[in-house]
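The values are calculated or read from the model by the stated rules, or taken from the named source; none is laboratory data. From a predicted model like this one, the values you see are computed outputs, not experimental measurements. Every residue, glycine as well, gets a Cβ built from its backbone with ideal geometry; the counts of neighbours run over all protein chains shown. When the accessible area is computed, the model is the full protein with side chains, heavy atoms only, and any ligands, DNA or RNA have been set aside. Shrake-Rupley method; radii C 1.70, N 1.55, O 1.52, S 1.80 Å.
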Amino acid sequence: MSAAPPPIIETHELRKVYKGRAVVDGLSLRVLPGEVFGFLGPNGAGKSTTVKMLLGLVLPSGGQMRVLGGSPADPAVRARLGFLPEQFRFQTWMTGEEFLHFHGRLAGMKPGELRARVPQVLKTVGLGGRGGESLGGYSKGMLQRCGLAGAILARPELVFLDEPTSALDPIGRVEVREIIEGLRAGGVAVFLNSHLLSEVEQVCDRVAFVKEGRVLQQGSMQELMGGVIPVGIRVDAVKPGLLEALAVLGEVRHTDTQTPGRAEIELWLQHADAVPAVADAIHACGARLHALTPRRPDLETMFLELIEDRPAPALTPEAVHA
Amino acid sequence: MHNALLIAELSLREAVRKRLVSVLLILSVLFIGFYLYGIYRLEMNLDQRAVDAGLDGRSITGLSNVPVMYSAMFGMYLVYFLGALMSVLSTVGAVSGDIENGVMQSVIARPISRAQLVLGRWIGFTVVNVVYVALLGAALLIGVYVITGYLPPSPAPALGLILLAVTLLTALTVLGSTLFTTLANGIGVFVLYGAGFTGGILNAIGTFADSPTLAALGRAANIVMPTNALWLGSSYLLQPEVLLDISRRTRGANPFFGSDPIAPGLVLWAAALAALAVAAAMWRFSRRDL
């Protein structure tokens, strides 16, 4: 990874302590230019606090961070950032257009540039023609869209989206995904803070899992899964020697023999090629095979495995550690 | 500075759009109209009495016109009081309100320094408050002049001292708004305002009763919170010789009006305190987590 371009976000042992409690506790991250980075973790893991530190809203208690090669305390760095806060609350007495003009001017945009850009971003977020209405009359979904328009308004190089679809319906979520993909196509990096795993899975190049203020793992989906293929097996019974035979082929994760007359086994294989050999091994032990289902590795499985009580490092040794 | 002015402009537009300005204008017109109507009736009464007593007319600067003079004085006291109230109430959530309702996060993530934001908020609210109090004070004095022909001796410097008090209160309220929640700030600045008034009363009683300790306590309160001293200085400038004479003979027993000019040092201190409060607010807000 050292040959890659310099990271757009790099933190090292970042800490934030509130009243003696570490909310972020030694967090180390790398985000590369132009990538969509998913930041995942349960509620209270320190995700929003981390985003706020990266934006200069919260001062770290310790550790180092560099955003776009500088410090977020520097306005010149913040001029190149976009941000949609988790609590998308804006001045309700403004209209959507006034809100965007105000933020554009704060970001240093010229009035002529803004006149062209504001209708454009309103259209992008699906608020075309609604910019003249007061924000006080906007629905939650419209406010979130307006906040998103503000985040992408000044053509940032890096956009922080904190739960960007929390107030949106399924159609809105698809639209936001398309906006994120559009940003990536334009070379803009996106830092996506979300707990909607399917959303993250569909758009993110790389993800980090965070729990109790620490990054458990980070890397591309491929790296994190370590190329593992989970296979679900159902047989009539666990015959002697079966588990040992399977353990030769892959890692036996889980066996469930609670239902009489059937047994479920979860097996993790390194290669899809090994699936027929699993069937052969089961036959060889004399078990009756009812189902053999190779699955695509999914984020939800990983998330639950990581966040629940299992010790993280034992899971996928190939993954890049923070 | 450009960003600070942008925030100031936002604050002005906010004051207009949140109907702050229109509510103020309507209520102030009612207040001024009501008060001036009272003075108009008073003037008719006084004229009638002069006619009844067989006099040709009344001297504007003489004892017979003292009711009109006191009306103008108390009118200006109300202007000062409303100005103080307005300074605190309009500004009480200048920073904390935006933090509490979540507006601040998206603004501070922009390339604006927090010090610029605080400065801009202060400039914006100071403009609103100062213009309001200046208009109110001018309307009252001009109204009294048009009705009765009486104008206090030094109206412009007197109004200037009131406006300095408004500026100071706005600055202290902005500082409180970076330190405390909106509610705590409002209560806190009002208590401070009350401390200034208490200082004036203690000073008056101390002088009247010839108690140096009490007078010293009063002066200490004036230094901590000079708003009341600024009003007393302003009231001195508004009193013609007749009223000052009454004041001196009663040894300053009226805590609402001053019988001595304000010390120039205290005026400078009030201005410095306003600047210090804004600077402290800028410093404090720059070091705060949002």
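Just a few scattered comments:
- Rounded to the nearest 10 degrees, the angle from helix A:111-124 to the longest Cα principal axis of chain A is 30 degrees.
- Degrees, to the nearest 10: A:96-106 long Cα axis against longest axis of chain A: 80
- Excluding same-chain neighbours fewer than eight residues apart, the lysines reachable from B:Lys18 by a Cα-Cα span under 24 Å are A:Lys140.
- Diffusion coefficient (Stokes-Einstein, Kirkwood radius over C-alpha pairs, 25 °C, 0.890 mPa s) for the protein assembly as shown: 84 µm²/s, rounded to a whole number.
- Solvent accessible area, Å² - B:Ser154, 1.4 Å probe, full protein context: 40
- Distance between the pseudo-spin-label points of B:His2 and B:Arg284 (7 Å out from Cα toward the beta carbon): 3.1 nm.
- Modelled FRET efficiency - R0 30 Å, B:Val191 with B:Thr61, Cβ distances, 0.05 increments: 0.15
- Percent of C-alpha pairs per 10 Å bin in the range B:2-286, short distances first: 7, 26, 30, 22, 11, 4, 1, 0.
- Within the shell defined by Cβ-Cβ distances under 11 Å, the residues around A:Pro6 carry a net charge of +1, with Lys and Arg each +1 and Asp and Glu each -1.
- Of the residues making up the range B:83-111, those losing 20 Å² or more of accessible area when the isolated chain is joined by the remaining protein chains, with a 1.4 Å probe, are B:Asn101, B:Gly102, B:Val103, B:Gln105, B:Ser106, B:Val107, B:Ile108, B:Ala109, B:Arg110, B:Pro111.
- If R0 is 25 Å, the Cβ-Cβ spacing of A:His271 and A:His12 corresponds to a FRET efficiency of close to 0.10.
- Reduced Cα scattering model of the range A:9-224, Debye log10 I(q)/I(0), q = 0.16 Å⁻¹: -1.08
- Hydrodynamic radius by Kirkwood, which averages 1/r over all alpha carbon pairs of the range A:41-108, in angstrom: 13.8
- Residues of type aspartates and glutamates that A:Lys52 reaches as a straight line, Cα spacing below 18 Å, ignoring anything fewer than 8 places off in the same chain: A:Glu10, A:Glu13, A:Asp25, A:Asp74, A:Glu86, A:Glu157, A:Asp162, A:Glu163, A:Glu212, B:Asp98, B:Glu100, B:Asp289
- Extent along principal axes [Cα atoms of the range A:160-202; Å; largest to smallest]: 26, 18, 16
- Distance between modelled label sites at A:Glu244 and A:Gln64, nm, 7 Å Cα→Cβ extension: 5.3
- Sites A:Glu305 and B:Asn101 - FRET efficiency at Förster radius 60 Å, r taken between beta-carbons, to 0.05: 0.95
- Rounded to whole Å, the principal axis extents of the Cα atoms in the range B:42-144 read 76, 19, 16, largest first.
- Approximating the spin labels as points 7 Å out from Cα along Cα→Cβ, the A:Glu181-to-A:Asp205 distance works out to 1.6 nm.
- Highest to lowest packing among B:230-236, A:199-205, scored as the average C-beta count within 10 Å: B:230-236, A:199-205
- Contour minus Cα-Cα distance for B:Asp210 and B:Arg41 (0.36 nm per residue): 56.9 nm
- Cα-based Rg / Dmax (Å) for the range B:1-100: 21.1, 68
- Taking all protein chains into account, the per residue accessible area for the range A:9-224 stands at 38 Å² (1.4 Å probe).
- Calculated on the alpha-carbon coordinates, the convex hull of the range A:228-296 measures out at 72 cubic angstrom per residue.
- Under the Debye formula (equal points on every Cα, no solvent term), log10 I(q)/I(0) of the range B:98-210 at q = 0.11, 0.14, 0.18, 0.20 Å⁻¹: -0.56, -0.80, -1.04, -1.13
- Length gained when the stretch B:Phe256-B:Val29 is fully extended (0.36 nm per residue, less Cα-Cα span): 79.3 nm
- The spread of Cα positions in the range A:159-311, taken along each principal axis and listed from longest to shortest, comes to 56, 30, 27 Å.
- Mean separation of Cα contacts under 8 Å (6+ apart) over length of the range A:228-296, as relative contact order %: 50
- Computed from Cα atoms, the angle from the helix B:20-52 axis to the main principal axis of chain B rounds to 10 degrees.
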